[in-house]
């Protein structure tokens, strides 16, 4: 693209996602739910994917309040056949996905601890969702994204950029997701963009054990320059940006949404 061909943005129109079809895995709660809301409010048709149909139906009802087209699509991202069926459903009901947000992730208690405590089964369970599941979605979405000139957004973590004690499977999966994003960006350029978000500690149902433990929560806030946990909507904003034409020159990038955690 020459300088003369470069986009000329009409802000805030550069953030308009009208006509886009978005898939958000892990879209029924927490960060994924907030991202689904953000994309719908920007004009996209959105499929908030989760394993549980009733949870998906609840979110699609919420997204309808923006006037957004939605559909009920379920998948366990650790099951490749499930993922392929999910993308077929979205394509049939909403059209080819042009935005894919890989947000589904786990970090169960059984996978937390020192290496002598966490066995390889715990390691595999985390990586099958967080990393292998994200790749399964990228694989299933590839033809759609290439046909639409779309955008992939992987939701990693500060644990994809730095080490975190007692979270070895999780940290390995999120570091892998950052690396996968870079490789996808190289293979898909110039037609498809692939970028990554690295959130810090976000107040969701998955972090209730942290926010409910005042001593532990205080130590996290002390380590975070902005001195608080994030609201899920504060991760949704950067996700909408990465999906939009405003980020048209970003690919292979990882944006830290961590209140300054990795600035130290």
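The values are calculated or read from the model by the stated rules, or taken from the named source; none is laboratory data. Note that the structure is predicted; figures quoted are calculated from it, not measured. Virtual Cβ from ideal backbone geometry, glycine too; neighbours counted across all protein chains shown.
Residues being exposed (fewer than 15 other Cβ atoms within 10 Å of the Cβ) and either assigned to a loop (DSSP other than H, G, I, E, B) or touching a strand residue (DSSP E or B) at 6+ places or on another chain (Cβ under 6 Å) (or both): count how many of those fall in the range 199-214.
Residues meeting the conditions: 2.
Does any residue of the range 186-196 turn out to be in a helix (DSSP H, G or I), touching a helix residue (DSSP H, G or I) at 6+ places or on another chain (Cβ under 6 Å) and in contact (Cβ under 8 Å) with a residue 60 or more places away in the chain? Walk me through how you get there before you give the answer.
Step one: filter the range 186-196 for residues in a helix (DSSP H, G or I), giving 186-188.
After this cut, where a residue has to be touching a helix residue (DSSP H, G or I) at 6+ places or on another chain (Cβ under 6 Å) as well, the list is none.
Scanning the range 186-196, I find no residue that is in a helix (DSSP H, G or I), touching a helix residue (DSSP H, G or I) at 6+ places or on another chain (Cβ under 6 Å) and in contact (Cβ under 8 Å) with a residue 60 or more places away in the chain, so the answer is no.
Within the group 47, 78, 104, which residue is in contact (Cβ under 8 Å) with a residue 60 or more places away in the chain and not in a helix (DSSP H, G or I)?
On the way: 47 fails: in contact (Cβ under 8 Å) with a residue 60 or more places away in the chain; 78 fails: in contact (Cβ under 8 Å) with a residue 60 or more places away in the chain.
None of the others qualify; the one that does is 104.
Which members of the range 68-90 meet the condition of being surrounded by 20 or more Cβ atoms within 10 Å (Cβ to Cβ) and over 17 Å from the mean Cα position of the chain (by Cα)?
Result: 68, 70, 90.
Is it true that residue 142 is without any contact (Cβ under 8 Å) to a residue 60 or more places away in the chain, more than 16 Å from the chain's Cα centre (by Cα) and assigned to a helix (DSSP H, G or I)? Steps first, answer last, please.
Details: without any contact (Cβ under 8 Å) to a residue 60 or more places away in the chain: yes; more than 16 Å from the chain's Cα centre (by Cα): yes; assigned to a helix (DSSP H, G or I): yes.
So residue 142 fits the description; yes.
Filter the range 145-164 down to the residues that are buried (at least 21 other Cβ atoms within 10 Å of the Cβ) and closer than 23 Å to residue 95 by Cα and list them by number.
Of everything in the range 145-164, those that are buried (at least 21 other Cβ atoms within 10 Å of the Cβ) and closer than 23 Å to residue 95 by Cα turn out to be 145, 150, 151, 152, 153, 154.
Name every residue in the range 128-144 that is surrounded by fewer than 23 Cβ atoms within 10 Å (Cβ to Cβ) and more than 25 Å from residue 17 (Cβ to Cβ), in order of residue number.
128, 129, 132
Determine which member of the set 178, 118 is modelled with pLDDT of 95 or more, more than 22 Å from residue 79 (Cβ to Cβ), part of a loop (DSSP other than H, G, I, E, B) and touching a helix residue (DSSP H, G or I) at 6+ places or on another chain (Cβ under 8 Å).
Values: 178 fails: part of a loop (DSSP other than H, G, I, E, B).
Step by step, each of 178, 118 is checked, and only 118 is modelled with pLDDT of 95 or more, more than 22 Å from residue 79 (Cβ to Cβ), part of a loop (DSSP other than H, G, I, E, B) and touching a helix residue (DSSP H, G or I) at 6+ places or on another chain (Cβ under 8 Å).
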